[in-house]
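Visitor: Structure in structure tokens, see below.
The values are calculated or read from the model by the stated rules, or taken from the named source; none is laboratory data. Since the model is a prediction, treat every value here as computed from it, not as a measurement. All Cβ positions, glycine included, derive from the backbone under ideal geometry; neighbour counts span all protein chains shown. When the accessible area is computed, the model is the full protein with side chains, heavy atoms only, and any ligands, DNA or RNA have been set aside. Shrake-Rupley method; radii C 1.70, N 1.55, O 1.52, S 1.80 Å.
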Amino acid sequence: MFDPRTTEEQNAVVQTARKFAAEHIIPVAGEFDERGEMPLDVFRAAFDVGLINVEIPDAYGGLGLHTLEGCMIAEELAYGCAGVATSIMCNHLGALPLLIAGTEEQKQHWLGKLTSEFQFVSYCCSEPEAGSDVAAMRTRLVKDGDGWVLNGQKRWITNGGYASFYTGFATIDPAARHRGITAFVIPRDLPGVSIGKKENKLGQRCSNTVDVIFEDVRLGPENILGEPGQGFAIAMETFDKSRPMIASQCAGLIRRAMDESIRYAKERKTFGVPIAQHQAIQFMIAEMAMAYESIRLLYMKAAWEVDNGVRRTNTSAIAKAMGADQAMKCTTDAVQIFGGYGYTKEYPVEKLMRDAKLMQIYEGTSQIQRMVIAKNLLVRG
Ligand SMILES: Cc1cc2nc3c(=O)[nH]c(=O)nc-3n(C[C@H](O)[C@H](O)[C@H](O)COP(=O)(O)OP(=O)(O)OC[C@H]3O[C@@H](n4cnc5c(N)ncnc54)[C@H](O)[C@@H]3O)c2cc1C
């Protein structure tokens, strides 16, 4: 049975992440957002404290924490800056295909790299012409002797410019759609791998987002994850396991919007009283609290299901969709509470609103989550 009570160990993990966000992330978040640069020192410090790769099992040098603890950490990091949280949690996204489908040898090799020294892995699924429609991907794997030749272009790849290796997906037969998709893992320094344009984004600007290009990249059998043709199932299982973490980041954004709004509403006066005394303002803050409590419970339940081997795609999708929509609403309301000042970079709430928008887009848009939920209810029963 799902039990929302947290243990002392979990509370200690949260305290570590909260302290890290207060000391290392919040003071520099605005500056790196403005410059659109990765705060590499912050990521290195997070690695040293043990806040990256937390779910990698101890057999591969990781902490072996559960998805639930990973989500609780993500909430705290996103409270500080959702861009930093996205880039840190991207290592988990990139590691998931290995955890799901890697052989023991592949796990030892690639996951061991992540835990032995500070480095990034990126997850290469989306393409210029294939985002929501994963099965439409055109990146090709063509058999060549014992190995394969990889050609194609991936888009929107988080940390792609900094990653030392990539997990990704390509098709061995575009006409076969999802049945042709195959998962792979490759080092960035293979001949034929290059980085394309860097996106100049609305929000989460300190998180690196680039094209990754493959030109006649030669892969050995050791670079293929699972069986050829199994890639679509691996990608979907990855999303089931990573979406609770997006929901937890949304909880962090909502809590930050609420805290900033409460502080400001008590200080700012109109018509001779603090705006906190106006019912219209009170209701917006009350709705932030309602959203936070709901999303926190939802992501905890979704994470609990992942940790306990209960594969319910819908809980992850509901948590992600609700979390993203509520994060967008609450951060927009925070800007409203701040009035004109909320629309400037003098206060952090405009950044929260820009950062929240991405939650409705990546790892499956809010529309795609609704499609997934409806399909599970109507088709699969
Ligand atoms: C900053 C950023 C970071 C990202 N990081 C990564 C990453 O690390 N790795 C990775 O692989 N991808 C990444 N992505 C890609 C992301 O997952 C895709 O952008 C997303 O899945 C949407 O795909 P798309 O952009 O092609 O939009 P499209 O698929 O073209 O969708 C456009 C619009 O149509 C809607 N739509 C599409 N199909 C339907 C339908 N059948 N019914 C109703 N509405 C529909 C969508 O909801 C959306 O509103 C990232 C994206 C961004 C912006």
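Visitor: If you fit an axis through the alpha-carbon atoms of helix 279-307 and take the longest principal axis of the Cα set of the chain, what angle between them do you get, 0 to 90°, nearest 10?
Guide: 30 degrees
Visitor: HN-Hα J couplings of the stretch 170-187 from phi, Karplus 6.51/-1.76/1.60, θ = phi - 60°, integer Hz, Gly and Pro as x?
Guide: With coefficients 6.51, -1.76 and 1.60, one gets 8, 10, 8, 6, x, 5, 7, 6, 5, 6, x, 6, 10, 8, 9, 9, 9, x Hz.
Visitor: So, one more: Using only helices, what value at 222 nm comes out for the chain when you add -39,500 (n - 2.57) per DSSP H run of length 4 or more and divide by the total residues, to the nearest 500 deg cm²/dmol?
Guide: On the way: 11 runs with 188 residues, N = 381.
My calculation for the chain gives -16500 deg cm²/dmol from helical runs alone.
Visitor: If you don't mind, another one. Going highest first, how would you order 179-190, 64-75 by mean Cβ packing within 10 Å? Kindly include the intermediate steps, with their values, before the conclusion.
Guide: Working: 179-190: 19.9, 64-75: 24.4.
Descending packing order for the listed peptides: 64-75, 179-190.
Visitor: Farthest toward the dipole's positive end in the chain, which of P221, T182, H109, given Cβ charges of +1 (Lys, Arg) and -1 (Asp, Glu) about the Cα centre?
Guide: Final value for the positive-end residue is T182.
Visitor: In whole percent, and with a 1.4 Å probe on the protein chains, what portion of the accessible area of the chain is carbon and sulfur?
Guide: Numbers: 8990 of 16590 Å².
For the chain, the apolar C and S fraction of the accessible surface comes to 54 percent.
Visitor: Taking Cα atoms, how many degrees apart are the long axis of helix 26-35 and the longest axis of the chain, rounded to 10 and kept between 0 and 90?
Guide: Once rounded, the angle reads 60 degrees.
Visitor: Sort 361-372, 309-320 by the packing proxy (mean of other Cβ within 10 Å over each peptide's residues), most packed first.
Guide: On the way: 361-372: 18.0, 309-320: 20.7.
By packing density, highest mean first, the sequence is 309-320, 361-372.
Visitor: In addition: Between the helical axis of 231-267 and the dominant principal axis of the chain, each derived from Cα atoms, what acute angle in degrees is found, rounded to the nearest 10?
Guide: Between the helix axis and the principal axis of the chain, the angle is about 20 degrees.
Visitor: Between the stretch 300-353 and the stretch 278-299, how many Å separate their Cα centres?
Guide: Cα centroid of the stretch 300-353 versus Cα centroid of the stretch 278-299: 11 Å apart.
Visitor: For H66 and T344, calculate 0.36 nm times their separation in residues minus their Cα-Cα distance, and state this gained length in nm to one decimal. List each step's numbers first, then the result.
Guide: Working: separation 278, 0.36 × 278 = 100.08 nm, distance 3.89 nm.
Length gained, H66 through T344: 96.2 nm.
Visitor: Between E127 and residues 5 or more places away or on another chain, which pairs have amide H atoms under 5 Å apart, with H built 1.01 Å from N, and which residues are they?
Guide: Under 5 Å from the amide H of E127 lie the amide H atoms of R155, each far enough along the sequence or on another chain.
Visitor: For L225, what residues show an amide H to amide H distance below 5 Å, using hydrogens built from the backbone and excluding near sequence neighbours?
Guide: A183, F184, V185
Visitor: How do 128-140, 244-256 rank on mean C-beta neighbours within 10 Å, highest first? Could you put the intermediate results ahead of the total?
Guide: On the way: 128-140: 16.8, 244-256: 30.6.
Per-residue Cβ counts within 10 Å, averaged per peptide and sorted highest first, yield 244-256, 128-140.
Visitor: Something else now. Which entries of K19/K329; K197/K301; K19/K351; K154/K375 have Cα-Cα distances beyond 30 Å here? The partial results should precede the final answer.
Guide: Values: K19/K329 27 Å; K197/K301 38 Å; K19/K351 21 Å; K154/K375 28 Å.
Checking Cα-Cα distances, K197/K301 exceed 30 Å.
Visitor: Nothing charged except the Cβ atoms of Lys and Arg (+1) and of Asp and Glu (-1): what's the magnitude of the dipole of the stretch 144-245 about its Cα centre? Round to the nearest 20 debye. Walk me through the numbers on the way to the answer.
Guide: Details: 12 positive and 12 negative charges, 135 e Å.
It works out to roughly 640 debye.
Visitor: Also, I was wondering about something else. If amide H atoms are built 1.01 Å from N in the plane of the peptide, which residues on other chains or at least 5 residues away come under 5 Å of the amide H of G196?
Guide: Amide H neighbours of G196, under 5 Å, 5+ apart: D211, V212, I213.
Visitor: Then there is this: Leaving out ligands and nucleic acids, note down the accessible area per residue over the stretch 171-299 with a 1.4 angstrom probe, in whole Å². Can you show the working numbers first?
Guide: On the way: 5730 Å² over 129 residues.
Value returned for the stretch 171-299: 44 Å² of accessible area per residue.
Visitor: Across the stretch 3-14, in residue order, what do the Karplus-derived ³J(HN,Hα) couplings come to in whole Hz, using 6.51 cos²θ - 1.76 cosθ + 1.60 with θ = phi - 60° and x for Gly and Pro?
Guide: 10, x, 6, 9, 8, 4, 5, 5, 4, 5, 4, 4
Visitor: Which FRET efficiency, nearest 0.05, do E287 and D146 yield, Cβ-Cβ r, R0 45 Å? Don't skip to the end; give the middle numbers.
Guide: Numbers: r = 59 Å, r/R0 = 1.31.
Here the calculated transfer efficiency is 0.15.
Visitor: Which whole-Hz ³J(HN,Hα) couplings does the stretch 140-154 yield from phi under the Karplus relation 6.51 cos²θ - 1.76 cosθ + 1.60, θ = phi - 60°, glycine and proline marked x?
Guide: 10, 10, 10, 5, 8, x, 6, x, 9, 10, 10, 9, x, 9, 9
Visitor: A further question follows. Using the crude model of +1 on Lys and Arg Cβ and -1 on Asp and Glu Cβ, and no other charge, please compute the dipole size for the chain relative to its Cα centre, in debye to 20.
Guide: Working: 41 positive and 46 negative charges, 225 e Å.
In debye, rounded to 20, the chain gives about 1080.
Visitor: Under a straight-distance cross-link criterion of Cα-Cα below 19 Å, which aspartates and glutamates are reachable from K143, leaving out those fewer than 8 residues away in the same chain?
Guide: D173, E215, D216, E222, E227
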